[in-house]
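These notes are about the structure you will find just below.
The values are calculated or read from the model by the stated rules, or taken from the named source; none is laboratory data. Predicted, not measured: the structure shown is a model, and the values here were computed from it. We place every Cβ from the backbone using ideal geometry, glycine too, and count neighbours over all the protein chains shown.
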Amino acid sequence: MNKETKRIQVPLLDNPYEIVIGDGCLEDVGKELISLGVKNNCKILIISNKEISQHYGNTVIKSIERIGIKPTLFLIEEGEDKKNINTISKIHDAAFNSKLERGSLMIALGGGVIGDMTGFAAATWLRGIGFIQIPTTLLSMVDASVGGKTGVNHPGGKNLIGAFHQPKLVLIDTGTLQTLPEREFRAGMAEVIKYAIIGDKLLFNILENTSKINSLSNVGNNLVSEIIERSVSIKANIVVSDEKESGLRAVLNYGHTFGHVVETLCGYGNFLHGEAVAIGMIAVSELGLLRKSWKPDDSNRQKELILKAGLPTQWPNLDEAKVLRTLQGDKKVKDGNIRFIIPTGIGSVEIFNNITKEEISKCLSKLN
Ligand code: NAD
Ligand code: GLY
């Protein structure tokens, strides 16, 4: 364990916060709370699941107890299919039973599912209380824990119910990745590749020049820390310039428009979110080729990297009418037009609002 930490600022005007990255920093949650000005009469509700809390619950609880607060731990069921309004209701019940007040805090200890739900429960309890993100998957470290998008799925689509609610702190203990299943690590690499494509050519080159990127043991602790730092720095910059996604922030959805279709139509949980994003990046790359926005060579490099990360690339066999209907239900639809983030090179993308149904059909026929 190496207690050296890196601190990245998210200097939002109304809700500035820090992203703390370190190996073993989970032990210092309590100290970080003190730095945030948390007093020992603050009520804290930690949301996690059985598996994650077995590994890390005690460390977090003990660290908070050391500053004189006895937090309550509330466990929710694991899984993307539980990311729904019923689970939010259960978290609200726990908030009620714990007598949370306006100045109380929720802590999300887990992956993106727990982070998104805890954030949304915090956003809606007493019209909004503070919360802290302690992400324990690579995907939630590089993406879900930063930026304040919180919410749950609706049977009609991913994350359709939600709110922007920024955390007060993001605490990333890279040591927690030691227990993360390899498939989940690979899913996180999909979002890392996303960052490389949308805005970090050097990150792309680093990944391309690393012989194996499909597991933590192959990537190594030092490189994984660098990957996390680079990824959250890109995200922090984008979020600061467009917190509520009126423009630029949409680029973070690269691969997600088709990815959400895969998740929705294949059933939540069949493909991991990151796997669906990987397939979505391949799909939208095809739109890029149709529009001649990027070169076949760059598209091949992206595919090679996704394959090297051990991620799926094959578009599932989906009914085209259903695909188009699901795309129309996407949050990114504006005036009936589906918004796509299309690559223009390694390290750059553009937002397109004028992709026609015919182009989507052509793209889908190339994928099947
Ligand atoms: P997840 O939260 O489902 O976690 C994956 C699995 O790993 C779970 O079974 C969990 O119990 C287990 N796990 C987590 N940490 C572990 C650890 N350290 N050791 C052992 N097991 C561990 O999946 P995820 O990929 O973290 O998150 C996916 C979710 O994030 C999706 O719902 C997606 O929509 C959301 N997301 C949100 C944003 C955002 O900006 N809010 C961005 C990207 C993704
Ligand atoms: N993951 C997309 C966003 O945070 O905007």
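A compact table of results
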| read-out | value |
| --- | --- |
| The listed residue being in contact (Cβ under 8 Å) with a residue 40 or more places away in the chain and surrounded by fewer than 20 Cβ atoms within 10 Å (Cβ to Cβ), out of Leu307, Leu327, Leu290 | Leu290 |
| Answer from Ala122, Ala163 - the residue that is within 21 Å of Thr72 (Cβ to Cβ), modelled with pLDDT of 95 or more and more than 10 Å from ligand 1 (Cβ to nearest atom) | Ala122 |
| Selection from region 163-182 of residues that are over 20 Å from Asn222 (Cα atoms) and either surrounded by fewer than 18 Cβ atoms within 10 Å (Cβ to Cβ) or polar (S, T, N, Q) (or both) | Ala163, Phe164, Gln166 |
| Residue match in region 135-144 (condition: touching a Lys or Arg at 6+ places or on another chain (Cβ under 9 Å), buried (at least 24 other Cβ atoms within 10 Å of the Cβ) and more than 20 Å from Val262 (Cα to Cα)) | yes |
| Condition check for Ala123: more than 27 Å from Asp200 (Cβ to Cβ), surrounded by fewer than 24 Cβ atoms within 10 Å (Cβ to Cβ), within 16 Å of ligand 2 (Cβ to nearest atom) and in contact (Cβ under 8 Å) with a residue 12 or more places away in the chain | yes |
| Scope region 243-280; condition of a type in the set (Gly, Ala, Ser) and either within 12 Å of ligand 1 (Cβ to nearest atom) or crowded, with 24+ Cβ neighbours inside 10 Å (or both); matching residues | Gly255, Gly259, Gly269, Gly274, Ala276, Ala278, Gly280 |
| Given (1) near ligand 1 (Cβ under 9 Å from one of its atoms); (2) of a type outside the set (Val, Ile, Thr); (3) more than 17 Å from the chain's Cα centre (by Cα); (4) under 23 Å from Glu245 (Cα atoms), index of the condition Gln178 fails | (4) |
| Whichever residue in region 42-77 is acidic (Asp, Glu) and within 24 Å of Glu27 (Cα to Cα) and, among such residues, is nearest to ligand 2 (Cβ to nearest atom) | Glu51 |
| Hits in region 129-172 - residues which are within 17 Å of Glu275 (Cα to Cα), hydroxyl-bearing (Ser, Thr, Tyr) and more than 12 Å from ligand 2 (Cβ to nearest atom) | Thr137 |
| Total residues in region 24-68, condition away from ligand 1 (no atom under 16 Å from the Cβ) and polar (S, T, N, Q) | 4 |
| Which numbered condition Tyr195 misses (of (1) within 16 Å of ligand 2 (Cβ to nearest atom); (2) part of a loop (DSSP other than H, G, I, E, B)) | (2) |
| Every residue from region 158-181 that is part of a helix (DSSP H, G or I), free of Cβ contacts under 8 Å to residues at least 60 places away in the same chain and not polar (S, T, N, Q) | Leu177 |
| Selection status of Asp297, at pLDDT 95 or above, within 14 Å of ligand 1 (Cβ to nearest atom), over 28 Å from Pro181 (Cβ atoms) and surrounded by fewer than 20 Cβ atoms within 10 Å (Cβ to Cβ) | no |
| Region 132-153, residues that are assigned to a strand (DSSP E or B) and more than 6 Å from ligand 1 (Cβ to nearest atom) | Ile132, Gln133, Ile134, Pro135, Thr150, Gly151, Val152, Asn153 |
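So that you can scan it fast, the table gives a plain yes or no per residue for (1) within 12 Å of ligand 2 (Cβ to nearest atom); (2) part of a helix (DSSP H, G or I); (3) under 14 Å from the mean Cα position of the chain (by Cα):
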{"residue": "Ile213", "(1), (2), (3)": "no, no, no"}
{"residue": "Asn218", "(1), (2), (3)": "no, yes, no"}
{"residue": "Leu223", "(1), (2), (3)": "no, yes, no"}
{"residue": "Glu226", "(1), (2), (3)": "no, yes, no"}
{"residue": "Ser231", "(1), (2), (3)": "yes, yes, yes"}
{"residue": "Glu243", "(1), (2), (3)": "yes, no, no"}
{"residue": "Gly259", "(1), (2), (3)": "yes, yes, yes"}
{"residue": "Glu263", "(1), (2), (3)": "no, yes, no"}
{"residue": "Gly274", "(1), (2), (3)": "yes, yes, yes"}
